[in-house]
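Notes follow the structure.
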There are 2 protein chains.
Amino acid sequence: MTENSDARKPAVGRARGRTKAPTAKGEERRREIVAAASELFARAGFRGTGMAEVAQRVGITEPGLLYHFGSKEGLLRAVVEHRDLRSQAFARDIAAVGGLQALREMPAFAHRNREQPGLAKLFAVLLAENLDPGDPEHDFFVRRYREMRAVVAGMIREGQRGGEMRADVSPELKAIEILAALDGIASQWLLDPEEVDLVISIEEYARTLIRDLATDPEPAETGAPEEVQG
Amino acid sequence: MTENSDARKPAVGRARGRTKAPTAKGEERRREIVAAASELFARAGFRGTGMAEVAQRVGITEPGLLYHFGSKEGLLRAVVEHRDLRSQAFARDIAAVGGLQALREMPAFAHRNREQPGLAKLFAVLLAENLDPGDPEHDFFVRRYREMRAVVAGMIREGQRGGEMRADVSPELKAIEILAALDGIASQWLLDPEEVDLVISIEEYARTLIRDLATDPEPAETGAPEEVQG
DNA sequence: GATTATTTACTTAGTCCTTAGTAAGTTCCA
DNA sequence: TGGAACTTACTAAGGACTAAGTAAATAATC
């Protein structure tokens, strides 16, 4: 399927009929559709979700969908681009505070993720469906992960320059590890939330990271409640 | 699709026509089919692969496939159960050597994985397609991850009992973290092998782990070649 | 040890449903 | 009055799966 059908693929990404500016109603409609598609793609994946399901969910016909997005892949692209909150929020968090403090923010990040399991799942599912070059959004995920690794590596380099992080770790490799751990923990949590607590697991991993990376030993927070710094 | 069609689902798992013992030829054929299906499922997932594709690959008809496995889900089950080398090899490695030594074996595990990227990908893709309860192999993956976490936690407990690992880490949480990191690194490697080196990343993570968990400082292996112990 | 009966391992032909996508027309708002 | 935002009606292909029959190997019987 992916191999021979490179010829005459339908126009992807933009609408069929429309050529000028969209109206407010249209934009609102598109937001609804993206929201519905996000939910369904998170459940059954891109391949496991039919256009008819999405259409029914928003109360429109199938060609109505295609009017807005041109093709199923166009809809996927819209979902992937619009629902990009994850890496944006992630980058904002890490860029806002530098060095070690960024690691201390990881539990907050975990809390936010737990409140929107749909988003975490959407990300995990779509990533797995786009591992192959040739998968429709492969390049998007490659770019996103390169960006995220760069942001995390930058955060570590900052900590190293400031002297609060040990200098003998490679920022690039540590960035791979950190993103890997976060993804992997999320994946185990999504699979088996009764056995794997997302927040506790990430908190513990953050403690490990700080213990391993900090040059100064952290104030022992075992038994010491949060009001220490107040 | 997953919601309403609980009624009259076709018999899953076993063959339609056959009721007694299979012949040697049949078993060989089934192995061929499982191998082909594994490759195709790794590429496009269970949902993205048609029975016709699998059939063509092994040179059989579609009903020929169904004779052997009863349904598409039956074929998936066979793939998942037969291609279970990963966790078995993993458990064997970890159980063979206890404690810290198991962590030192992680790079070897990484090397094996790199030689069979198809298997790693199959695992990642099928996991993501079975995150939901109700997905056909959801329970299988839940069980597998529980087993793997138990094996890793046991290895850590052993290290702690022997005194070579620090006692103030939770074996259960550390097991989650280790499996998460391994999966996450593999996932980034599968997505972008040019930027992410599986073996180097896992080696570095193993070093971090040993540095963090060992009670005795390890002999600095930087610059010291392997012939030290010879 | 040849014949008969049974079973495995298929094939051909066909069912019925779902799939993404098209063509052409309609409504409604700016 | 022209274009955005739809709908109805349709196509062609692919989806898993069934029914019924056949070739060949195996097992049972005389």
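Look through A:Gly118, A:Gly134 and report the one residue that is within 12 Å of the chain's Cα centre (by Cα), open to solvent by 30 Å² or more (accessible area, probe 1.4 Å) and touching a residue at least 24 places away in the same chain (Cβ under 8 Å). Even if it seems obvious, please write down each step before you answer.
Values: A:Gly134 fails: within 12 Å of the chain's Cα centre (by Cα).
After ruling out the rest, the residue left standing is A:Gly118.
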- Query: How about the range B:59-77: which of its residues are open to solvent by 20 Å² or more (accessible area, probe 1.4 Å) and aliphatic (A, V, I, L, M)?
  - Reply: B:Ile60, B:Leu66
- Note on the structure: The condition of being more than 25 Å from A:Lys121 (Cα to Cα) and at pLDDT 90 or above holds, among B:Leu119, B:Leu100, B:Leu173, B:Leu126, only for B:Leu100
- What residue, among those in the range B:183-200 that are in contact (Cβ under 8 Å) with a residue 60 or more places away in the chain and at the interface with another protein chain (Cβ under 7 Å from one of its Cβ atoms), is surrounded by the most Cβ atoms within 10 Å (Cβ to Cβ)? B:Ser187
- Message: Cβ contacts < 6 Å: first residue within 14 Å of another protein chain (Cβ to nearest Cβ), restricted to the range B:153-171; second residue in a helix (DSSP H, G or I) and open to solvent by 30 Å² or more (accessible area, probe 1.4 Å), any location; separation 6+ or different chain. Result?
- Response: B:Ala153/B:Glu172; B:Ala167/B:Gln160; B:Pro171/B:Arg157
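The values are calculated or read from the model by the stated rules, or taken from the named source; none is laboratory data. The model shown is predicted, which means the values in this text are computed figures rather than measured ones. Note that we place each Cβ from the backbone using ideal geometry, even for glycine, and neighbour counts take in every protein chain shown. All accessible areas refer to the heavy atoms of the entire protein, side chains included, with ligands and DNA or RNA removed. Shrake-Rupley method; radii C 1.70, N 1.55, O 1.52, S 1.80 Å.
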